[in-house]
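S.K.: Here it is, the structure in full.
The values are calculated or read from the model by the stated rules, or taken from the named source; none is laboratory data. Given the structure is predicted, the values throughout are model-derived calculations rather than measurements. Here Cβ is always computed from backbone atoms with ideal geometry, including for glycine, and neighbour counts include all displayed protein chains.
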Amino acid sequence: MDVRRAGERYPGGDPEAGIDTRHAFSFGPHYDPDNLRFGAVIACNEERLAPGAGFGEHPHSHTEIVTWVVEGELTHRDSAGHESRVRPGDVQHLSAAAGVRHVERNDGAEPLTFVQMWLSPREPGGAPAYTLVTGVADSTPYAVPAAGAVLHAHRLAAGEGTAVP
């Protein structure tokens, strides 16, 4: 396993629009053929959105998108009619399936930080699905059966470590 420190990740986003992004894998203009994925995981992004900033409506397909909010509140709306506010301690899972459009914004007054992972499903297609699990305890694994994966998120204090499952 290759450990990449925060400063070694690919920068992205649009700082003038209040969007600061760090990508763990190749993403957008940052192409690295030796760093495309890890198993089913094709993206692991840390997003920081200033108040009022966000991503306008955009499409996804054939992707399982799992989001953890670190601080602030994420507003989600999608073309399947789901609308929610995702807070720290929540896990949001959008199965894009054959296609869905969605919006992600910081409609709050405080800065927003979230981590988002994209996974390739085992089988493409199907109907989009949305799940919001509230009050998830730290270090609780989250299963993504469509991708044959289990994700683990841990909040570590400075200098603290954890075992890799």
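S.K.: Is at least one residue of the range 112-124 at pLDDT below 95, over 19 Å from HIS23 (Cα atoms) and surrounded by 16 or more Cβ atoms within 10 Å (Cβ to Cβ)?
M.R.: no
S.K.: Assess whether GLY148 counts as being touching a residue at least 40 places away in the same chain (Cβ under 8 Å) and farther than 13 Å from PRO88 by Cα.
M.R.: Yes.
S.K.: Scan the range 7-22 and give yes if some residue there is touching a helix residue (DSSP H, G or I) at 6+ places or on another chain (Cβ under 6 Å) and either modelled with pLDDT of 80 or more or of a type in the set (Phe, Trp, Tyr) (or both), otherwise no.
M.R.: The answer is no, given that none of the residues of the range 7-22 is touching a helix residue (DSSP H, G or I) at 6+ places or on another chain (Cβ under 6 Å) and either modelled with pLDDT of 80 or more or of a type in the set (Phe, Trp, Tyr) (or both).
S.K.: Okay, moving on. Restricting attention to the range 76-100, report how many residues are over 13 Å from the mean Cα position of the chain (by Cα) and part of a strand (DSSP E or B).
M.R.: The number of residues fulfilling the criteria is 6.
S.K.: Which one is surrounded by the fewest Cβ atoms within 10 Å (Cβ to Cβ) among residues in the range 80-104 that are more than 23 Å from HIS154 (Cα to Cα) and without any contact (Cβ under 8 Å) to a residue 40 or more places away in the chain?
M.R.: Ranking the candidates gives GLY81 first.
S.K.: Also: Looking at the range 26-35, is at least one residue modelled with pLDDT of 80 or more and either assigned to a strand (DSSP E or B) or at positive phi (or both)?
M.R.: No - not one qualifying residue is present in the range 26-35.
S.K.: Go through the range 29-46 and count every residue that is closer than 16 Å to ILE65 by Cβ and either touching a strand residue (DSSP E or B) at 6+ places or on another chain (Cβ under 6 Å) or crowded, with 16+ Cβ neighbours inside 10 Å (or both).
M.R.: Result for the range 29-46: 7.
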